[in-house]
1. Within the group R98, R65, which residue is at pLDDT below 85 and surrounded by 22 or more Cβ atoms within 10 Å (Cβ to Cβ)?
2. Any idea which of S37, S41, S56, S20 is under 16 Å from H139 (Cβ atoms) and either surrounded by 24 or more Cβ atoms within 10 Å (Cβ to Cβ) or out of contact with any strand residue (DSSP E or B) (no Cβ under 6 Å at 6 or more places or on another chain) (or both)?
3. If only one of L294, L335, L320, L306 is touching a strand residue (DSSP E or B) at 6+ places or on another chain (Cβ under 8 Å), surrounded by fewer than 21 Cβ atoms within 10 Å (Cβ to Cβ) and of a type outside the set (G, A, S), which one is it?
4. Could you list, in sequence order, the residues of segment 252-273 that are within 16 Å of the ligand (Cβ to nearest atom) and part of a loop (DSSP other than H, G, I, E, B)?
5. So the check is Cβ under 8 Å with 6+ separation or different chains; which pairs have a first residue in segment 220-246 that's under 17 Å from S99 (Cα atoms) and a second one that's near the ligand (Cβ under 9 Å from one of its atoms)?
6. Please specify each residue of segment 226-251 satisfying the condition of being more than 13 Å from the ligand (Cβ to nearest atom) and not charged (D, E, K, R).
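The values are calculated or read from the model by the stated rules, or taken from the named source; none is laboratory data. Everything numeric here is computed off the predicted structure, so don't read it as measured data. Positions of Cβ are backbone-derived with ideal geometry, glycine not excepted, and every protein chain shown enters the neighbour counts.
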Amino acid sequence: MPLMRIPYTSPLPSPTIIPSSASTLSGAITALADFLSGPTSRGNGKTVILSGAGISVASGLADYRGSNGTYTLNKTYRPIYFHEFCASHEARKRYWARSYLGWTNLHKSRPNKAHYAVGQLGELGAVSSVVTQNVDSFHPVAHPGLKTLELHGYLRSTVCISCRTEYNRENFQKDLSDLNPAWAAFLAEMLESGALTTENPDERRRRGLKTNPDGDVDVPGVEYGTFRYPACPACLHNPPEGTKVEQAADGAWLPSSTAGILKPAVIMFGESIPNPVKVAVEEAVDEASRILVLGSSLATYSAWRLVKRAKEQGMPVGVLNLGGVRGEEQFFADLSQDGAGGRGVRCAQPLEEALPALVERLKQGKAMPEVARSVFQPAPWA
Ligand SMILES: [Zn+2]
């Protein structure tokens with residue numbers, strides 16, 4: 001069965017904090033520290049992290065959902081589906097125009113404290129790998145030494161639908177500028193005015209511009225029909241058998257072509273996750289002893305099923321997310337609200353505060369001499 005990326009849009013209930021002591025920041029850190037060092041019955045003794053859009057919010061990228069689990073941030077946002085992208089030249093013009101405007105903002109954005117803290121958790125031996133739903137590549141940039149699996153692909157490359165050749169997205173941006181000088185001037189003006197910068201969200205909202213997590217921008221009232229995009233260079237020079245690839249004098253892909261369409265190297269909604277990726281993320285879950293969800297409502301089935309898979313294998317589940325999580329009651333049904341976090345934890349603190357504090361807590365724990373950490377033994381004469 002191919003595993004498809006499908007959005008899930010039902011409203012989600014507010015979380016029940018478990019243990020109840022984890023409702024404060026320091027309580028949450030204690031519970032998370034317990035969780036990461038809790039007893040395990042299987043696996044490598046480490047934790048696999050599953051991260052979502054919530055971890056990139058502090059980098060200036062929008063979350064898909066507001067804290068109550070609905071699409072409050074951008075009600076009109078409807079991501080493009082893979083079949084629409086493949087079938088329609090008009091849909092691709094619209095997609096690439098919006099991506100063109102959104103790229104500068106995304107390209108300038110950097111990982112935040114939460115991503116670096118995840119890397120430190122890896123250095124401390126607490127985390128074995130990271131599975132991310134995000135397409136911004138912040139995890140591999142922040143912690144190249146800790147394995148990251150990008151479940152939904154990445155925006156840093158484009159990929160040809162026909163021959164699967166990948167190309168650098170930054171170079172593609174230059175190609176788009178050359179093909180669309182009027183758009184390049186518009187983008188320059190937007191950047192000049194500060195309307196697209198992450199530092200100025202109020203101005204961006206005032207102008208009605210919205211940057212979405214997949215890296216595109218909504219510009220009300222803009223006509224996308226004039227936008228032009230290039231063909232796959234490999235297919236252009238050597239078209240796959242039975243196809244033709246034609247370009248205009250300026251190098252724009254022509255709709256008379258039957259191949260050579262470039263798409264972002266993300267798994268679009270309605271697109272199947274490649275089998276090697278599916279297998280790799282399942283292995284990352286199966287080899288670990290626990291799973292910790294960071295900044296995700298598990299709205300996509302491909303992410304939710306990984307947590308379900310872990311739970312079915314008896315692995316403790318931890319969730320650190322501001323809003324509700326799809327089906328979370330079944331992940332925590334067997335836990336009591338008092339006690340520590342060793343068997344599972346559900347808390348709702350900002351990641352960029354909680355994770356660096358968690359790293360500090362674990363470092364203090366490591367620094368303590370072994371004898372102080374062992375269980376107190378009463379003297380035999382007591
Ligand atoms: Zn190609």
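1. Matching residue, one of R98, R65: R65.
2. S56
3. L335
4. L254, S257, T258, A259, G260, I261
5. Short answer, once both residue conditions are applied: Y229/L262; P230/L262; A231/V245; A231/G260; A231/I261; A231/L262.
6. T226, F227, Y229, G242, A248, A249, G251
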